[in-house]
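The values are calculated or read from the model by the stated rules, or taken from the named source; none is laboratory data. Here the structure is a predicted model, which is why all the values come from computation and not from measurement. Here Cβ is always computed from backbone atoms with ideal geometry, including for glycine, and neighbour counts include all displayed protein chains. Accessible surface areas use protein heavy atoms only, side chains included; no ligands, DNA or RNA. Shrake-Rupley method; radii C 1.70, N 1.55, O 1.52, S 1.80 Å.
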Amino acid sequence: MLREGPDSPYARWFDVDWAAGGGKVLLPVLGGPLGGELEHLAVDGEVLRYHDHAFPLRDGTAGLPLPELLDAQHYRLGWWRLARTELNYRRFFTVPELIGVRVEHPEVFEDTHAKILELLRDGVLDGLRIDHPDGLAAPAAYLERLHEATGGRWTVVEKILTGDEHLPAEWAVAGTTGYDALRRIDGLFTDPAGAAELLGHYREFAIPPADRGGDWTETARRAAYRVVTHELASETAWLTRLASAVCERDPALRDHAPLGPADGGPGAAGTGPGLPAVRHGGRAAEPYGTGGAARRCGAGREGGVRRGGGGGGRGRRTGAGARAARRRPRTDGVQRPVRPDGVRAARQVGGGHGVLPVRAAALGHRGGRRRRTTRRVAGRVPRVRGPHRP
């Protein structure tokens, strides 16, 4: 794929947003900005070497001067810090070296699992351990396909279950790798009084001064918001682009600035386009097409007149229709996802090897010193101002 770019027969194996990278895939491997690393780049036959790395060269480019050679490739070598904001391929959590593979495609599944299935048939392996399947496009479908391909061999998944969360019943596996059991076993050797004291000291240390007074929920919300907007900023930007693409397919949803779909904050991570209705702990997320970015693009159309045009739907509805809409209760059964910084947010799904692994189920504003509410203005959730804002 690096040698041939989007035309490679293997390009379909990976989730690469070629348009976001100007037709190139970012490889964040350099120890510093490109200008300071040029002396460490050298052509060796048909590959470009950088310390221990060897990158294939596009056909016919090996003889070009180095600056032109770099520009001629289907990839862009960049500073490793750029992965946080500019990465345009799917990875495992925040590790750019662990590149996501699209096993939801039958041909990719067959090619990537051929050796594993061979080892099972030969009796070399007795069972399988699957790392963090949550972030796959369709984890239940993948595990069912694996179950059929292996003849029902013993298989467990690495999945950290929190609180009262249960392993999805539709997953064709024997169970987890044991985190849930280990948590209970460890409890046998833990003095409850000592644990409570340690927890108190930890929270006192972890809660920032602005949240002192026991507002642990605010600290958890702030931490989750930080992860989604910093460590996973590339993934959040990708979801925003997908949301905008969904809007462009429907004339009724067009003409929204990118900020409009993005303004759902981390809540958008769990319901954006391209993510299936993944189940967590027995609860189903919103299926594609009924919520998330598509709803954020076009919500608030019933009754009234929209004024103010684009800009992510910043105009305000006026007239009798708008007043009636504000009076009557919602009957569509949809819980509106809103920003996590002070108001209720949508449940995050995904994780593991998926686009956005961070769980943000605790982002809902429950309890605390103040309960803030908000209202939708022509499809856009207003920003919440206040000292709690991260």
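Values computed for the structure shown
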{"read-out": "Any hit, region 156-166, residues being over 23 Å from the mean Cα position of the chain (by Cα) and within 21 Å of L146 (Cβ to Cβ)", "value": "yes"}
{"read-out": "Those residues of region 2-12 which are open to solvent by less than 50 Å² (accessible area, probe 1.4 Å) and outside any loop (DSSP other than H, G, I, E, B), in sequence order", "value": "G5, A11"}
{"read-out": "Leading residue by the ranking (surrounded by the most Cβ atoms within 10 Å (Cβ to Cβ)) among those in region 13-23 that are in contact with a Gly (Cβ under 9 Å, 6 or more places away or on another chain) and of a type outside the set (A, V, I, L, M, F, W, C)", "value": "D15"}
{"read-out": "Residue within region 85-94 that is in contact (Cβ under 8 Å) with a residue 60 or more places away in the chain, closer than 20 Å to E235 by Cβ, of a type in the set (S, T, N, Q) and open to solvent by less than 20 Å² (accessible area, probe 1.4 Å) present", "value": "yes"}
{"read-out": "Single residue of region 24-55 satisfying the filter (out of contact with any Phe, Trp or Tyr (no Cβ under 9 Å at 6 or more places or on another chain) and closer than 25 Å to R90 by Cβ) that is most open to solvent (accessible area, probe 1.4 Å)", "value": "D52"}
{"read-out": "Among residues of region 151-179, those that are acidic (D, E), farther than 19 Å from L128 by Cβ and either assigned to a helix (DSSP H, G or I) or open to solvent by 70 Å² or more (accessible area, probe 1.4 Å) (or both), counted", "value": "1"}
{"read-out": "Residue list for region 96-111, filter: among the β-branched types (V, I, T) and open to solvent by 50 Å² or more (accessible area, probe 1.4 Å)", "value": "I99"}
{"read-out": "Those residues of region 29-59 which are under 17 Å from Y75 (Cβ atoms) and part of a helix (DSSP H, G or I), in sequence order", "value": "L34, E37, L38, H40"}
{"read-out": "V108 at pLDDT 95 or above and either under 30 Å from L77 (Cβ atoms) or among the aromatic types (F, W, Y) (or both)", "value": "yes"}
{"read-out": "Filter result for V124 (part of a loop (DSSP other than H, G, I, E, B), within 27 Å of L167 (Cα to Cα), open to solvent by 20 Å² or more (accessible area, probe 1.4 Å) and not basic (K, R))", "value": "no"}
{"read-out": "Whichever residue in region 60-84 is part of a helix (DSSP H, G or I) and charged (D, E, K, R) and, among such residues, is most open to solvent (accessible area, probe 1.4 Å)", "value": "R81"}
{"read-out": "Output for region 93-139, where each listed residue is under 21 Å from E231 (Cβ atoms) and among the small types (G, A, S)", "value": "G100, G135"}
{"read-out": "Top-ranked residue of region 200-244 - restricted to ones that are open to solvent by 50 Å² or more (accessible area, probe 1.4 Å) and small (G, A, S), ranked as modelled with the highest pLDDT", "value": "A223"}
{"read-out": "Total residues in region 186-199, condition open to solvent by 90 Å² or more (accessible area, probe 1.4 Å) and assigned to a helix (DSSP H, G or I)", "value": "3"}
